[in-house]
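The structure appears right after this line, and notes come after that.
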Amino acid sequence: MKIIVAGDGKLGLTLTRQLALEGHDLTLIDANAKVLESIQERYDVMVIQGNCATMDVLQHAGIKETDLLIAMTGADEINLLCCMTAHGINPAIHTIARVRNPEYTEQIYKMRDMFGLSMAVNPERQAAVEIGRLLKYPGFLKRDTFAKGRVEIVELRLDEKSKLCNVALNDMYSIVRCKILVCTVLRNGAAVAPDGNFILREGDRIFVTAPSNELTKLLRGLGIITHKAKRVLVCGGGRVSFYLAKQLEKSGIAVQIIEQDPERCTMLAGLLPHTDIFQGDASSEFQLEQGGISDCDALVTLTGIDELNMIISLYGSSCGVSQVITKLGRMNSNNILDKLSLGSIISPRELCCNTIVRYVRAMQNQTGAARTVYSIADGQAEAMEFLVDEHTLHCGEPLKQLKIKKNVLVACITTGSRQQIPNGDSFFCEGDSVIIVTNGDRVIYQLNDIFE
């Protein structure tokens, strides 16, 4: 499929890497020649320097023959104009624009046809929603939902006190007392697809599939005492902080925001009447104590500087804050980060990239495309949800009789309102929802791709 990515910042780079791996014909447009030169050295893509919102540049990029335009520049207005112009030249094109300004939210929804928009994405808002979900279950590092919220894949880290240390997966039920499936284990930076004899070790990050109503039982079985956050301290007053505070205000959760810029503090105070705004340096121990770090239920670091977020999160962990959430915009997860007490790591660009990749795959497969796509285990595995339809092979056949490709796991089958963690005798039928976890470089576009 021919795709143009306009604007090659952090999100554009992440998209370029993913879409290039999936074999798409990519053209990148950016005003910065050095950025384009660096990208061209790493990926087999075409590059064009210029203003992506102009007709000349878009025509030079081959907009008339393009299937999808993704506008990801740093300016909402340029992204919208780029999509409008592209749609004017090629009415059949699909367009995705990043629109971050909260003032445009309602306008985009009402005027999407006028802007020629197929979809608008807002990484900061997505990040705020994800953080809000994590605050509801403080025991988990990450939560991804499937089957309309009835099934989840959650991430846990095993410390030296964990009941699961040195336990084989076959023996887990005697401890957790609920039906779950460990679909992936991240050990020493490498993702492993475990079997029942796999023994868990201290430091492992495990990715567990479970019906949502089993999550409380899981935490209770592991002896993890959690309660919904009543007071949250947020460091940084950017867009993610605004969206998050707005969300928490509606839930009746007390929020304190520490922001250094006096003008930004004044603006936030006007927009968030039920949130306490402190003007000051979030890296200051005095300011953090004034904000109540010693008695808050959760610390969320959302400044625009990754290193500062990491330092504040480490300090919060040392102060005994029960839940720490760290936003990283630039730094990729790796072994170094894995050794640090940063709590849950949130990456707005990765969340947004997942959404766009799902759209791209749906374009390729008008029938049978994944309903949901999540990158897990630091990008080394994918979890996808598919609907079983009349084209799906092997309906009604037990899983133990099927030849499924290596490193592909059927993690959950949902039939109506009933979810099951499958065994060899389980089967799926038309109308069911199936969650697949795949480790490795193989891309699964539709459910039939899992079969040999």
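The values are calculated or read from the model by the stated rules, or taken from the named source; none is laboratory data. Just so it is clear, the structure is predicted and the values come from calculations on it, not from any experiment. Glycine gets a Cβ as well: all are built from the backbone with ideal geometry, and neighbour counts include every protein chain shown.
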Note on region 362-380: residues under 25 Å from Gly329 (Cα atoms) and touching a residue at least 40 places away in the same chain (Cβ under 8 Å) are Thr372, Tyr374, Ile376, Ala377, Asp378, Gly379, Gln380
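Taking the condition of a type in the set (Ser, Thr, Tyr) and assigned to a helix (DSSP H, G or I), does Thr105 pass?
On the way: of a type in the set (Ser, Thr, Tyr): yes; assigned to a helix (DSSP H, G or I): yes.
Yes, satisfied.
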If we keep only residues of region 158-172 that are under 29 Å from the mean Cα position of the chain (by Cα) and without any contact (Cβ under 8 Å) to a residue 12 or more places away in the chain, then the residue nearest to Asn407 (Cα to Cα) is Met172
Filtering region 23-35 down to residues that are modelled with pLDDT under 90 and either touching a Pro at 6+ places or on another chain (Cβ under 9 Å) or surrounded by 15 or more Cβ atoms within 10 Å (Cβ to Cβ) (or both) yields Val35
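Here's the yes/no breakdown for (1) surrounded by fewer than 15 Cβ atoms within 10 Å (Cβ to Cβ); (2) in a strand (DSSP E or B):
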| residue | (1), (2) |
| --- | --- |
| Val360 | no, no |
| Val373 | no, yes |
| Gly379 | no, no |
| Ala383 | no, yes |
| Leu393 | yes, no |
| Gly396 | yes, no |
| Ile413 | no, yes |
When region 415-429 is checked residue by residue, the ones that are among the hydrophobic types (A, V, I, L, M, F, W, C) and either surrounded by fewer than 17 Cβ atoms within 10 Å (Cβ to Cβ) or farther than 18 Å from Val182 by Cα (or both) are Phe427, Phe428, Cys429
For Glu249, the lone unmet condition from (1) modelled with pLDDT of 95 or more; (2) not in a loop (DSSP other than H, G, I, E, B) is (1)
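Look through region 65-76, keep the residues that are aliphatic (A, V, I, L, M) and crowded, with 17+ Cβ neighbours inside 10 Å, and return whichever of them is nearest to Lys10 (Cα to Cα). Quick ask: steps written out before the conclusion?
If we filter region 65-76 for residues that are aliphatic (A, V, I, L, M), which is where we start, we get 68-72, 75.
After this cut, where a residue has to be crowded, with 17+ Cβ neighbours inside 10 Å as well, the list is 68-72.
Working: Leu68: 19, Leu69: 17, Ile70: 14, Ala71: 13, Met72: 9 Å.
That would be Met72.
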Selection from region 146-174 of residues loosely packed, with under 15 Cβ neighbours inside 10 Å and not in a loop (DSSP other than H, G, I, E, B) yields Lys148, Gly149, Ala168, Asn170, Asp171, Tyr173, Ser174
Those residues of region 153-196 that are in contact with a Pro (Cβ under 7 Å, 6 or more places away or on another chain) and under 23 Å from Val373 (Cα atoms) come to a total of 2
Within region 77-102, restricting to residues that are at pLDDT 95 or above and touching a Lys or Arg at 6+ places or on another chain (Cβ under 8 Å), the one that is surrounded by the most Cβ atoms within 10 Å (Cβ to Cβ) is Asn79
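Name every residue in region 374-395 that is within 25 Å of Gly149 (Cα to Cα) and in contact with a Phe, Trp or Tyr (Cβ under 8 Å, 6 or more places away or on another chain), in order of residue number. Let's see the steps before the verdict.
Step one: filter region 374-395 for residues within 25 Å of Gly149 (Cα to Cα), giving 374-390, 392, 395.
Passing the criteria: Ile376, Ala377, Ala381, Glu382, Ala383, Met384, Glu385, Val388, Thr392, Cys395.
Give region 127-167 a look and list any residue that's of a type in the set (Phe, Trp, Tyr) and farther than 18 Å from Ile224 by Cα, or say none.
Of all residues in region 127-167, those of a type in the set (Phe, Trp, Tyr) come to 137, 140, 146.
Phe146 - this is the single residue of region 127-167 that is of a type in the set (Phe, Trp, Tyr) and farther than 18 Å from Ile224 by Cα.
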